[in-house]
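K.L.:
Below is the structure I would like to discuss, written out as structure tokens.
Just so you know, all these numbers are worked out from the coordinates, no wet-lab data involved. Keep in mind the model is a prediction, meaning the values are calculated, not measured. So basically every Cβ, Gly included, is an ideal-geometry build from the backbone, and we count neighbours across all protein chains shown.
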Amino acid sequence: MAVFVFASTKGGPGKTTTAACIAHHFLREGHTVKAIDSDPNQNLVKRLSKSDVPVEVVEEEGLLAAIKAAQAEAEIVVVDVAGVLTRGMLYAVAAASVVIIPCSPDRNDVIEAVKTQMIIQQAQEIKGRAIPHAALLTKVNRRAQVTAETVDQLTVFKVPMLTVDIPMRTAYQQASYTGVPIADKAVQEDIAALADQIADLMEAGHAAA
């Protein structure tokens with residue numbers, strides 16, 4: 001079963017919001033979904049509090065066992081890790097089918113995306129396999145110069161990027177207060193496009209294996 005890990009060594013790039021939206025998307029598409037929240041702040045639990053997506057809080061030492069158990073229960077496992085560098089991040093990445101690195105148009109986010117990719121590279125060495133991964137631009141104003149600068153910097157640091165992005169929308173911010181799945185059509189279109197690219201990334205990883 002597929003394990004989608006949303007990881008960044010920095011808080012704030014939209015990691016939890018995106019993870020929650022992806023979980024909702026696949027549930028709406030008829031898949032069985034299980035979410036795992038390994039962040040001590042339990043933000044994913046809050047984001048899914050009024051949804052039908054089952055979510056489990058797991059401390060980092062139990063993360064690998066929890067992911068394995070979730071794979072036996074669900075077609076899609078969505079894992080949100082803490083926005084800091086922890087062993088839990090390494091464990092989650094090592095078990096991932098795909099790792100998505102949310103990155104807002106900000107120099108600090110670019111630096112942390114590079115650090116996150118280094119963790120993925122360590123996990124690849126440990127597991128002896130390639131782990132498909134890519135940065136996802138979030139909170140994007142497509143007309144802003146800083147967006148182009150962020151793309152350029154990620155390219156310089158050789159961090160692969162998805163071609164879709166997550167633009168700034170009020171609905172994403174409002175969701176942080178409600179825990180209700182986002183019904184906004186534009187958001188659902190954003191996430192459907194993201195889901196397609198995650199699937200493509202996973203398929204490419206399988207083909208290269």
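K.L.:
Once phi is turned into ³J(HN,Hα) by the Karplus curve 6.51 cos²θ - 1.76 cosθ + 1.60 with θ = phi - 60°, what whole-Hz value does each residue of the range 90-105 show in order, with x for glycine and proline?
P.N.:
Working through the residues one at a time gives 4, 4, 5, 4, 5, 9, 6, 7, 8, 10, 10, 10, x, 8, 7, x Hz.
K.L.:
Quick one: which residues, 5 or more positions from residue 133 or on another chain, have an amide H under 5 Å from its amide H? H modelled 1.01 Å from N in the peptide plane, none for Pro or chain starts.
P.N.:
99
K.L.:
Determine ³J(HN,Hα), in whole Hz, for all residues of the range 60-68 in sequence, where each value follows from phi through the Karplus function 6.51 cos²θ - 1.76 cosθ + 1.60 and θ = phi - 60°; x replaces Gly and Pro.
P.N.:
Each residue of the range 60-68 in turn: 4, 5, x, 5, 4, 5, 5, 5, 4 Hz.
K.L.:
At 222 nm, what helix-only mean residue ellipticity would the chain give, in deg cm²/dmol to the nearest 500, using -39500 (n - 2.57) for each DSSP H run of four or more? All intermediate terms of the calculation are to be shown ahead of the outcome.
P.N.:
Details: 8 runs with 104 residues, N = 209.
It comes out at -16000 deg cm²/dmol, rounded to the nearest 500.
K.L.:
Let me ask you something else. Using +1 at the Cβ of each Lys and Arg and -1 at the Cβ of each Asp and Glu in the chain, identify which of 11, 64, 188 lies farthest towards the dipole's positive end.
P.N.:
Highest projection toward the positive end goes to 11.
K.L.:
Okay, next question. Search the structure for amide H atoms under 5 Å from the amide H of residue 57, placed 1.01 Å from N in the peptide plane, and list their residues when 5 or more places away or on another chain.
P.N.:
Here the answer is 37, since their amide H atoms fall under 5 Å of that of residue 57.
K.L.:
Another question, if that's okay. Inverting the mean 1/r over all pairs of different Cα atoms, compute the Kirkwood radius of the range 2-208 and quote it in Å. Kindly include the intermediate steps, with their values, before the conclusion.
P.N.:
Details: mean 1/r = 0.0598 Å⁻¹.
Here the Kirkwood hydrodynamic radius works out to 16.7 Å.
K.L.:
Across the range 2-208, how many lysine pairs separated by 8 or more positions, or lying on different chains, have Cα atoms within less than 13 Å? Intermediate results must be reported in sequence, preceding the final value.
P.N.:
On the way: 10/115; 15/139; 34/68; 115/158.
The number of close lysine pairs in the range 2-208 is 4.
K.L.:
Taking H as built 1.01 Å from N, whose amide H comes closer than 5 Å to the amide H of residue 79, not counting residues under 5 places away?
P.N.:
4, 5, 6, 36
K.L.:
Ranking request for peptides 38-44, 102-108, 178-184, 4-10: highest mean number of other beta-carbon atoms within 10 Å first, then the rest in descending order. Walk me through the intermediate numbers first.
P.N.:
Values: 38-44: 19.1, 102-108: 21.0, 178-184: 15.4, 4-10: 26.0.
Result, highest mean Cβ count within 10 Å first: 4-10, 102-108, 38-44, 178-184.
K.L.:
If packing is taken as the average number of other Cβ atoms within 10 Å across a peptide's residues, how do 193-203, 15-25 rank, most packed first?
P.N.:
Values: 193-203: 16.5, 15-25: 26.1.
Going from most to least packed, we get 15-25, 193-203.
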